[in-house]
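All of the numbers you see were taken from the coordinates with simple rules; none came from a lab. What you see is a predicted model; the values in this text were computed from it and never measured. Counting neighbours? That spans all protein chains shown, and the Cβs are built from the backbone with ideal geometry, glycine included.
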Amino acid sequence: MGEPVAYDAVIALERTVSETPDAAVGSSDDAVTADVELNAEQAELMAGDPDWRASARLYHAGGGGATGNDSLGCRPVAMRTVAVDPNVIPRRTRLFIRETVGMRLADGTVHDGYWYASDTGGAIKGQKIDLYTGHGRGSMHQARRLNMRTLTIADAGRFNGCPPAWTQMASN
């Protein structure tokens, strides 16, 4: 065993480690659309005026995070499900969040910017949203740069049923 380490030094080191982004996961603000070829709808949504601006938080399943189904009775889809205040953003709204376009995900894919307002939460009031990242705290890493930021959100239409899984998105 080595020498004892002061509590403050450990906390400072943990902060540095948890705040240092992994270059392979997530994206810098500069690389938002660098790896993404936008289709006509995405280009229009990127260029148009936003319908909402909302302060984002991240949430995950397990360890006191989300459990079970969302407020529509659907299983939440990682990096697709958004909890909203339905008085501000109606449930069943397909959202386009500009800041997530081109974000590198843990599996190596790149986010296309589409999210689904299918959940609500007691702490989601007014211009706030919660982005569902998946299972466990580790799932939040890929979206950490979005936490506590004001995001630009466009209304991309409505959806029926449950939010589609990632494998179904290529055709939407």
* Asked: Around Arg80, what is the net charge, scoring Lys/Arg as +1 and Asp/Glu as -1 over all other residues with Cβ under 12 Å from its Cβ?
  -> -1
* Structure fact -> Residue by residue through the range 133-140, the couplings from Karplus 6.51 cos²θ - 1.76 cosθ + 1.60 with θ = phi - 60°, in Hz, x for Gly and Pro, are 9, x, 9, x, 4, x, 5, 7
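Take the Cβ-Cβ distance between Lys125 and Arg75 as r, set R0 to 41 Å, and report the resulting FRET efficiency rounded to the nearest 0.05. Walk me through the numbers before you get to the answer.
Numbers: r = 25 Å, r/R0 = 0.60.
E(calc), rounded to 0.05, equals 0.95.
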* Asked: Once amide H atoms are placed 1.01 Å from N in the peptide plane, what residues at a sequence separation of 5 or more from Thr81, or on another chain, have their amide H within under 5 Å of its amide H?
  -> Tyr116, Tyr132
* How about the range 105-138: which trypsin sites (Lys or Arg not before Pro) there lie in a loop by DSSP and see at most 14 other Cβ atoms within 10 Å? -> Lys125
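First select every other residue whose beta carbon is under 13 angstrom from the beta carbon of Gly157; then total the charges, Lys and Arg +1, Asp and Glu -1.
On the way: positive: Arg92, Arg94, Arg158; negative: Glu41, Glu44, Asp51, Asp155.
Result for the neighbourhood of Gly157: -1.
Quick one: order Ser118, Ser71 by neighbouring beta-carbon count within 10 Å, fewest to most. Provide the component values of the computation, followed by the final result.
Details: Ser118 28, Ser71 15.
Final ranking by Cβ density, sparse to dense: Ser71, Ser118.
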* To do: Quote the relative contact order of the range 87-153 in percent (integer), defining contacts as alpha-carbon pairs under 8 Å separated by 6+ residues.
  => 36
